[in-house]
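A quick write-up on the structure given underneath.
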Amino acid sequence: MTEQTYCDRLVQDTPFLTSLGRLSEQQVDRIILQLNRYYPQILSNKDTEKFRNPKLSLRVRLCDLLGHLQRSGERDCQEFYRALYIHAQPLHSCLPSRHALQNSDCTELDSGNASCELSDRGPVAFLTCLGLAAGLALLIYCCPPDPKVLPGARRVLGFSPVIIDRHVSRFLLAFLTDDLGGL
């Protein structure tokens with residue numbers, strides 16, 4: 001599947017964005033002003049006045065703005081999405097095109113918008129990992145410093161950094177360096 005361009009995404013998102021109550025008048029005004037102030041080549045002062053005209057309904061102004069951006073080109077549509085993210089982030093995350101991108105396993109077109117999601121493995125996996133970590137910590141903490149008591153356990157713990165992540169292995173090796181010298 002080919003990647004969607006920002007113009008394609010805007011065509012797909014237009015019905016969603018123009019539906020009643022999605023964007024407030026203040027949000028639309030902020031987006032228009034950002035496109036005019038930071039990118040005057042995208043929206044001229046005349047265009048800005050046209051799209052901010054209070055005599056027209058918000059839906060008509062928004063449809064005109066989105067149509068203008070689609071005709072203007074890819075970069076203009078991209079800047080619209082950047083402004084939408086800044087001024088209406090919750091709405092930006094609900095866009096149909098974003099869900100289509102995530103469902104099709106395409107790479108994100110917006111850089112820096114990585115979402116923080118929890119693992120979908122569930123609470124049992126979490127509790128298992130937590131129990132394993134707590135048990136290992138308890139074993140290390142409660143294990144007597146005398147190497148004669150549990151030499152087999154110390155040997156297993158000494159070789160476990162091969163299996164366990166490098167961050168954990170530093171702590172295990174630091175704990176065992178004094179006791180492994182005598183083995």
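The values are calculated or read from the model by the stated rules, or taken from the named source; none is laboratory data. Note that this is a predicted model, so its numbers are computed, not measured. These area figures cover heavy atoms from the full protein model, side chains too; ligands, DNA and RNA do not enter into them. Shrake-Rupley method; radii C 1.70, N 1.55, O 1.52, S 1.80 Å.
Which whole-number percent of Cα pairs in the range 6-103 have a distance greater than 20 Å?
Details: 1340 of 4753 pairs.
Tail of P(r) above 20 Å: 28 percent of Cα pairs.
With a 1.4 Å probe and every protein chain kept in, tell me what percent of the accessible surface of the range 6-103 is carbon plus sulfur.
Carbon and sulfur atoms account for 51 percent of the accessible area of the range 6-103.
Leaving out ligands and nucleic acids, and using a 1.4 Å probe, what accessible area per residue does the range 6-103 come to in Å²? Let's see the in-between values first.
Working: 5210 Å² over 98 residues.
For the range 6-103, the per-residue accessible area is 53 Å².
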